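The values are calculated or read from the model by the stated rules, or taken from the named source; none is laboratory data. None of these values were measured; they are calculated from a predicted model. Note that each Cβ is placed from the backbone with ideal geometry, even for glycine, and that neighbours are counted across all protein chains shown.
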Amino acid sequence: MTPEILIDGECEARFERVKRAFAANFETAGEIGAAVAVTLDGRPAVDLWGGYADRDRARRWERDTLVNVYSTTKGITAICAHRLVDQGKLDLDAPVAKYWPEFAQAGKRNLPVRFLLSHRAGLPALRAALEPEAIFKWDRMTSALAAETPWWEPGTQQAITLLPSDGW
């Protein structure tokens with residue numbers, strides 16, 4: 001039997017639909033644990049959390065449960081890239097190597113910028129195991145990515161459609 005999912009926190013009445021959608025993730029989408037917060041005009045309007053912090057459902061999700069967050073910079077990156085396009089400073093069809101010459105390694109000489117922005121570059125991860133602290137070292141990570149060979153022919157697949165069970 002699945003334990004009951006309790007949702008804690010506060011939500012302004014005008015955001016009740018957010019609260020219902022949050023609850024639906026547990027009821028119909030198989031969510032285990034999550035949190036959502038919305039700040040409006042500098043004030044918290046939604047601050048909800050619920051479920052469990054582990055797959056065994058032994059540890060409740062708390063207000064301050066720490067989690068890894070991924071893809072948090074995608075929206076800002078897209079905005080910045082498109083502002084540069086608008087200003088004539090970035091060409092989405094130009095090779096990445098025009099802006100980052102080291103990237104031309106390993107068969108990526110003509111790979112266009114748009115393939116990076118649309119996850120079609122064939123670079124979902126690094127094959128080489130790096131030291132754990134490498135993720136915090138700009139030069140180490142950019143060198144490793146520049147040296148990486150695409151996992152598939154760029155432009156033929158989208159990285160976000162692949163799962164670990166697909167072999168990467």
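Some points to look at:
- Residue pairs whose Cβ atoms lie under 7 Å apart, separated by 6 or more positions or on different chains, with the first residue in the range 77-91 and touching a residue at least 24 places away in the same chain (Cβ under 8 Å) and the second of a type outside the set (Val, Ile, Thr) and surrounded by 10 or more Cβ atoms within 10 Å (Cβ to Cβ), are Ala78/Leu117; Ala81/Leu90; Ala81/Leu117.
- Taking the conditions (1) in a strand (DSSP E or B); (2) surrounded by 11 or more Cβ atoms within 10 Å (Cβ to Cβ); (3) under 23 Å from the mean Cα position of the chain (by Cα) in turn, Thr39 satisfies each one other than (2).
- Where a residue in the range 136-152 is free of Cβ contacts under 8 Å to residues at least 12 places away in the same chain and surrounded by 13 or more Cβ atoms within 10 Å (Cβ to Cβ) and its partner, wherever it lies, is part of a helix (DSSP H, G or I) and of a type in the set (Gly, Ala, Ser), with Cβ under 8 Å and at least six apart: Arg140/Ala134; Met141/Ala134
- Restricting attention to the range 102-128, the residues that are among the charged types (D, E, K, R) and surrounded by 15 or more Cβ atoms within 10 Å (Cβ to Cβ) add up to 3.
- Check on Thr161, polar (S, T, N, Q) and modelled with pLDDT of 95 or more: no
- Verdict on Asp56 being free of Cβ contacts under 8 Å to residues at least 12 places away in the same chain, of a type in the set (Asp, Glu) and not assigned by TED's automatic domain parsing to the domain that holds Ala147: yes
- Lys89 vs. criteria modelled with pLDDT of 95 or more and crowded, with 17+ Cβ neighbours inside 10 Å: no
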